[in-house]
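Colleague: There's a structure below that I have some questions on.
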Amino acid sequence: MSDFDAFNGDADGICALHQLRLAEPRTATLVTGVKRDIALLNRVSAGSGDRVTALDISLNKNREPLSRLLRAGAVVEYFDHHQADDIPAHSNLHAHIDTGAQWCTSLLVNRHLGGRHLIWAVVAAFGDNLADAARAAAAPLELSAAALAELQELGECINYNAYGETVEDLYFDPAELYRLIHAHTDPLTFIHENPAFHTLKSGYDQDMARARASQPMHESPAGSIYLLPDAAWSRRVSGVFGNALATAAPRRAHAVLTKKADGAYLVSVRAPLAVKAGADVLCSQFETGGGRKGAAGINHLTEADLDRFIAAFDRVFLAPAKS
């Protein structure tokens with residue numbers, strides 16, 4: 001019997017797997033990558049008696065390989081909060097999927113585990129820019145304001161590490177970062193004892209300073225769109241910069257476009273935090289787009305589609321921006 005853990009390389013995916021493996025230790029082949037690398041089940045070859053755990057990767061983007069794995073006799077446990085549409089009915093599929101805007105995958109894992117490693121779900125929720133949900137979930141932990149701020153910083157830094165066009169853009173391969181984190185049951189010890197956190201924090205601060213110096217390329221009553229240059233720092237910071245913009249102006253939508261070497265754009269979209277809706281609707285209009293209601297993205301927006309994207313951004317978010 002072989003085990004496979006396929007997880008998104010962001011804070012939510014890493015912390016979801018960390019919770020599960022603290023509660024249910026298992027030696028498994030790790031399958032992950034940059035945040036946009038979500039068709040991870042394509043890289044899993046499993047058959048009868050094998051176990052596959054999928055975390056924080058859209059079922060819609062993995063439907064065909066999931067069907068292949070189920071036909072081959074693998075048992076699949078699936079935790080996610082992205083677009084799923086029809087969930088296959090199969091005795092070997094154990095799906096824990098909720099697309100509600102207040103959920104992230106780590107909070108779903110926390111619910112499944114009965115709160116056994118809640119503190120890591122709090123880290124993940126902060127990383128996923130669900131600060132209100134994170135603070136609500138953290139209430140039973142009775143943490144100090146300073147400790148809660150440290151957890152938020154950690155979540156944001158883990159999430160920051162996931163953004164990039166390739167793993168080479170990142171400070172840590174997400175599989176390596178997971179292994180470093182998995183040595184700690186308490187995130188506060190990871191923060192204070194593992195030099196990886198300080199590496200991420202320093203990179204985050206430098207990249208965010210560059211991003212904050214930029215000006216929007218488009219503004220409307222719906223929100224703002226920013227364009228960052230073709231550079232590793234831009235790719236690293238695109239998602240967390242979008243989160244910061246959303247937090248600073250919670251009734252407005254935001255998009256961060258990063259220029260790619262081929263002339264196209266990598267796109268991160270954040271719906272207004274006040275409504276947490278529309279990001280998936282916008283991005284799913286484009287071939288390589290997808291995500292969840294509050295946050296979504298497009299892997300490859302051509303220059304020819306830029307005007308169409310801007311028009312769709314204003315159309316989708318104009319009503320929420322006024323609500």
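Colleague: Hydropathy first: keep DSSP H helices in the chain averaging at least -1.0 on Kyte-Doolittle, then drop any whose Cα extent along the axis falls short of 15 Å, and list what survives. Please report the intermediate quantities before stating the final value.
Modeller: Working: long enough: 11-23 (18 Å, 0.67); 145-160 (22 Å, 0.40); 195-212 (26 Å, -0.97); 232-248 (24 Å, 0.34); 306-322 (24 Å, 0.61).
Correct list, ordered by number: 11-23, 145-160, 195-212, 232-248, 306-322.
Colleague: Now a separate question. At a threshold of 8 angstrom on Cα-Cα distance, excluding pairs fewer than six apart, so keeping six or more, what relative contact order does segment 140-236 reach in percent? Intermediate values should be presented prior to the final figure.
Modeller: On the way: 69 pairs, mean separation 29.8, N = 97.
Worked out over segment 140-236, it gives 31 percent.
Colleague: Can you tell me what share of the DSSP beta bridges in the chain is antiparallel? A percent to the nearest 5 is fine.
Modeller: Working: 17 of 41 bridges.
Taking every DSSP beta bridge with both residues in the chain, the antiparallel ones total about 40 percent.
Colleague: So how much slack lies between THR27 and SER214, counting 0.36 nm per residue of separation and subtracting their Cα-Cα distance, in nm?
Modeller: 62.9 nm
Colleague: At 1.4 Å probe size, with no ligands or nucleic acids counted, give the accessible surface of LYS61 in Å², nearest ten.
Modeller: My reading of the accessible area for LYS61 is about 80 Å².
Colleague: Considering Cα pairs under 8 angstrom that are at least six residues apart, work out the relative contact order of the chain and quote it in whole percent.
Modeller: Contact order relative to length: 14 percent.
Colleague: Can you pull the one-decimal nm distance between simple spin-label points at GLN206 and ALA274, each 7 Å off the Cα toward Cβ?
Modeller: Computed distance between label sites GLN206 and ALA274 equals 3.8 nm.
Colleague: To the nearest 500 deg cm²/dmol, what mean residue ellipticity at 222 nm is calculated for the chain from DSSP H runs of n ≥ 4 alone, each contributing -39,500 (n - 2.57), summed and divided by the residues?
Modeller: Values: 12 runs with 138 residues, N = 323.
So the helix-based figure for the chain works out to -13000 deg cm²/dmol.
Colleague: Show me 205-211, 39-45 ranked by packing, highest mean number of other Cβ atoms within 10 Å first.
Modeller: 39-45, 205-211
Colleague: Is the shape of segment 20-84 rounded, prolate or oblate, going by the alpha carbon gyration tensor and its root eigenvalues a ≥ b ≥ c, with a/c under 1.5 for rounded and a/b larger than b/c for prolate?
Modeller: Numbers: a/c = 1.57, a/b = 1.07, b/c = 1.46.
It is oblate, given that a/c is not under 1.5 and a/b is not larger than b/c.
Colleague: Would you pull out the residues with amide H under 5 Å of GLY289's amide H, same chain only if 5 or more places away, H placed 1.01 Å from N?
Modeller: Distant-sequence amide H within range of GLY289: ASN299.
Colleague: Okay, moving on. If you average the C-alpha positions of segment 13-32 and of segment 251-323 separately, how far apart do those two centres end up, in angstrom?
Modeller: Between the Cα centres of segment 13-32 and segment 251-323 lies a distance of 31 Å.
Colleague: Still on this model: Using a Gaussian network model on the chain with a 10 Å cutoff between Cα atoms, which of THR258, THR99, THR29 fluctuates the most?
Modeller: THR29
Colleague: Among PHE241, PHE172, PHE126, which one moves the most in a GNM of the chain with springs linking Cα atoms closer than 10 Å?
Modeller: Highest fluctuation of the listed residues: PHE172.
Colleague: Compare TRP120, TRP103 by solvent-accessible area with a 1.4 Å probe and give them largest first, with all protein chains kept in place.
Modeller: Per-residue accessible area, sorted high to low, gives TRP103, TRP120.
Colleague: Another question, if that's okay. For CYS157, what accessible surface area do you get with a 1.4 Å probe? Give it in Å², rounded to 10.
Modeller: Rounded to the nearest 10, the figure is 0 Å².
Colleague: What FRET efficiency, computed as 1/(1 + (r/R0)^6) with R0 = 30 Å and r the Cβ-Cβ distance, is obtained for GLU168 and ARG308, rounded to the nearest 0.05?
Modeller: It comes to 0.45.
Colleague: Here's a follow-up. Quick one: Debye curve from the alpha-carbon atoms of segment 61-182 only, equal weights, vacuum; give me log10 I(q)/I(0) at q = 0.15, 0.18 Å⁻¹ to two decimals.
Modeller: Results for segment 61-182 at q = 0.15, 0.18 Å⁻¹ read -0.83, -1.08.
Colleague: Here's another thing I want to ask about it. What is the distance in Å between the Cα centres of segment 79-123 and segment 126-189?
Modeller: 18 Å
Colleague: Let me ask another. Please give the contour-minus-distance gain from ALA232 to ARG251: 0.36 nm per residue of separation, less the Cα-Cα distance, rounded to one decimal in nm.
Modeller: Length gained between ALA232 and ARG251: 3.9 nm.
The values are calculated or read from the model by the stated rules, or taken from the named source; none is laboratory data. Since the model is a prediction, treat every value here as computed from it, not as a measurement. Don't worry about glycine lacking a Cβ; one is built from the backbone with ideal geometry, like all the others, and counts go over all protein chains shown. We work out accessible area using only protein heavy atoms, side chains counted, and drop any ligands, DNA or RNA first. Shrake-Rupley method; radii C 1.70, N 1.55, O 1.52, S 1.80 Å.
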